[in-house]
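Visitor: Starting off with a structure, shown below.
The values are calculated or read from the model by the stated rules, or taken from the named source; none is laboratory data. Quick caveat, the model's predicted, so the values are computed rather than measured. Reconstructed Cβ throughout: ideal geometry from the backbone, glycine too, with neighbour counts over all protein chains shown. Ligands, DNA and RNA are excluded from the accessible area calculation, which covers all protein heavy atoms including side chains. Shrake-Rupley method; radii C 1.70, N 1.55, O 1.52, S 1.80 Å.
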Amino acid sequence: MDKPHAVVIGSGIGGLTAAVALHGCGWRVTVLERAASLEPVGAGISLAPNSQRALDIVGLGDEIRALAAWQGEGGMRAPGGRWLSRTDSAAATERFGGAIVLLHRATLVGLLLARLPDGTVRTGTAAKLLDPGTAAGAPAVVGTAAGTIEADLVIGADGVNSAVRRALFPDHPGPSYAGFTTWRIVVPAPERPFAPHETWGRGALWGTQPLKDGRIYAYGAAVAPAGGHAADDEKAELMRRFGSWHDPIPTIIAAADPGQVLRNDVLHLLDPLPSFHRGRTVLVGDSAHAMAPSLGQGGNLAIEDAVVLAHRLRPGGDLGAGAAAYTADRLPRTSAIVRKSARTARLMRLTSAPAVATRDALLSTVSRFGPTLVLRTFDGIADWRPPQHTYAALREADTEPVDAEQ
């Protein structure tokens with residue numbers, strides 16, 4: 001019997017992970033990407049223990065853990081350099097079963113692509129959902145410039161401004177501006193060592209994190225009108241906003257190539273969707289639950305989505321029941337984290353001196369009780385576990401996927 005066919009619209013982290021997971025459990029997969037190449041948009045991505053365990057399912061977890069660069073202490077600082085709170089990688093590992101791994105998006109994309117058959121990804125192929133299909137009958141239909149494709153399953157992984165989402169839920173208000181913009185850069189490491197940190201100021205934030213390859217992933221965020229851009233260049237804008245902050249921030253900015261500074265307004269889906277599926281079409285990642293980056297969970301939840309989707313939509317199963325189960329698994333969890341990310345972002349967006357002083361004093365007070373209290377922010381997030389065994393274990397046992405807790 002021919003394998004069922006899944007079409008993924010979008011080749012971001014969520015789309016590629018979904019392709020790998022579905023391929024691993026028996027689907028024939030096609031990924032349609034409008035861009036001419038798969039050069040990743042974005043600089044770095046942080047993978048927490050929850051997504052690392054999800055990547056275990058497709059055999060990538062240990063490769064990701066081997067890229068961990070955070071050793072020892074880190075934490076949050078004030079622009080003048082004072083530590084507001086401290087934590088360390090050992091405490092995170094003890095609490096959640098692993099530490100956060102920072103890596104370049106290109107590295108993760110390369111690892112995912114290596115697990116897909118040649119020809120799976122079609123670049124330069126804009127796609128439009130023409131018909132979501134019906135779970136019990138008609139296939140989903142996707143249109144491209146070369147013609148239409150009928151599919152047993154379509155996965156909308158086309159990002160925060162998802163056209164697939166609009167086609168499924170045209171009455172939903174869609175994403176809204178979170179009130180701040182972000183910048184991202186990757187630069188060579190400075191000569192002087194530093195502890196990884198996020199630094200919170202008045203309506204602004206800066207993060208400096210090491211990568212395994214010796215480079216630095218750094219990011220800034222600031223309250224700003226939507227759609228804004230620097231009159232000269234974004235490197236100059238970073239220097240104006242963060243150049244007086246503590247070391248190594250000015251050095252990091254000075255090392256950036258002006259043409260490689262990425263700036264993006266932050267959009268999020270504060271209004272949850274009524275469902276993550278309709279007919280034979282499902283949504284993953286930012287298409288389903290775009291969130292502010294304040295908890296660093298956007299890419300992590302997209303990876304979670306992918307492995308849960310493959311678990312619920314195994315070939316030969318009831319597609320309608322599986323899609324409904326996928327929504328039931330994912331919508332409550334992701335909606336709660338979208339809200340929590342928005343609340344955390346509001347703390348960063350504080351601009352009045354008294355409010356910022358109160359926030360910083362609270363962080364310092366909590367930190368005195370040790371790193372455990374700081375890490376509690378991620379309870380219920382970083383400790384998530386996937387519902388299935390790894391595909392490697394399944395192949396060794398020559399059996400069907402089962403719930404991991406069974």
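Visitor: Filter the stretch 218-232 for residues that are open to solvent by 60 Å² or more (accessible area, probe 1.4 Å) and either more than 20 Å from Ser294 (Cα to Cα) or touching a helix residue (DSSP H, G or I) at 6+ places or on another chain (Cβ under 7 Å) (or both) and give the result.
Guide: His229, Ala231, Asp232
Visitor: Pick out the one residue from Arg202, Arg215, Arg241 that is in contact with a His (Cβ under 9 Å, 6 or more places away or on another chain), farther than 22 Å from Val338 by Cβ and open to solvent by 20 Å² or more (accessible area, probe 1.4 Å).
Guide: None of the other options fit; the residue is Arg215.
Visitor: Here's something else I'd like to know. Would you tally the residues in the stretch 262-301 being in contact with a Lys or Arg (Cβ under 7 Å, 6 or more places away or on another chain), in a strand (DSSP E or B) and buried (at least 21 other Cβ atoms within 10 Å of the Cβ)?
Guide: Total meeting the criteria: 1.
Visitor: Write out, first by first residue and then by second, each pair whose Cβ atoms fall under 7 Å of each other, whose residues are 6+ apart or on separate chains, and whose first residue, in the stretch 125-150, is within 10 Å of Thr281 (Cα to Cα) while the second is among the acidic types (Asp, Glu).
Guide: Pro139/Glu150; Pro139/Asp152; Ala140/Asp131; Val141/Asp131; Val141/Glu150
Visitor: Quick one: in the stretch 311-332, which of the residues that are assigned to a helix (DSSP H, G or I) and open to solvent by 40 Å² or more (accessible area, probe 1.4 Å) is farthest from Val29 (Cα to Cα)?
Guide: So, considering only residues that are assigned to a helix (DSSP H, G or I) and open to solvent by 40 Å² or more (accessible area, probe 1.4 Å), the one farthest from Val29 (Cα to Cα) is Pro332.
This table checks each residue for (1) in contact (Cβ under 8 Å) with a residue 24 or more places away in the chain; (2) in contact with a Leu (Cβ under 7 Å, 6 or more places away or on another chain).
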| site | (1), (2) |
| --- | --- |
| Ala221 | yes, yes |
| Glu237 | yes, no |
| Trp245 | yes, no |
| Ala254 | no, no |
| Thr281 | yes, yes |
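Visitor: Something else: Of the residues Pro173, Pro188, only one is over 27 Å from Leu350 (Cα atoms) and open to solvent by 30 Å² or more (accessible area, probe 1.4 Å); which?
Guide: The conditions single out Pro188.
Visitor: Could you identify the single residue in Ala163, Ala167 that is at pLDDT 95 or above, open to solvent by 20 Å² or more (accessible area, probe 1.4 Å) and within 23 Å of Gly299 (Cβ to Cβ)?
Guide: Ala163
Visitor: Quickly run through the stretch 345-367 and pick out the residues that are among the polar types (S, T, N, Q), surrounded by fewer than 15 Cβ atoms within 10 Å (Cβ to Cβ) and part of a helix (DSSP H, G or I).
Guide: Thr358, Thr365
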